[in-house]
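One structure is given here, and the rest of the page talks about it.
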Amino acid sequence: MPRIILDFDPPAGEATAEGFTSATEDLVYFLSWAYSARYGASHELTAASMVLKTMGVDLQPLLTFADRNAEDPADEDALERAWQDAEPLAACCRAVVSALRGDPRFAGVLAEYPNLAGNIEELGLIAAAAAERDIRIRVTYELEDEA
């Protein structure tokens, strides 16, 4: 099952890196489809990301992520470029959650992906806690558990 894994620089310790309280595959799907919008992808999550953009939500911090399992130098570069300041990510997550929960156009997406808003809200809280400590954050994903 795909999942989100967060890294912190410097390492955040348990107080910040609590992780998510529910499975994060809905967030992986959203990030992937929203990122794919620039390539002309057609999916309900792509459409949702486009509506968010028309509402003035800057998705760039949320769309700064990478495949955790680097297979070549290009993947390693992408993984390194995924580091970001935590506050813009926290602000982005707050804006996305507010829009998702406050606009009826997202009702179908939230019904289809029930963990999505909660995952983004948790990511925002984790990022906010990291920002308070001047810790950078990196959002990565795995398509399958490596355990």
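All of the numbers you see were taken from the coordinates with simple rules; none came from a lab. Here the structure is a predicted model, which means the values were calculated and not measured. Using ideal geometry, Cβ is built from the backbone for each residue, glycine included, and neighbour counts are taken over all protein chains shown.
Since only THR54, PRO11, ALA41 are under comparison, the one whose Cα sits farthest along the positive direction of the charge dipole of the chain, derived from C-beta charges on Lys, Arg, Asp and Glu, is THR54. The value obtained for the chain, namely the Cα convex hull volume divided by the number of residues, is 113 Å³ per residue. Protection proxy ranking, highest mean first, for peptides 122-132, 45-55: 122-132, 45-55, where packing is the per-residue count of other beta-carbon atoms within 10 Å, averaged.
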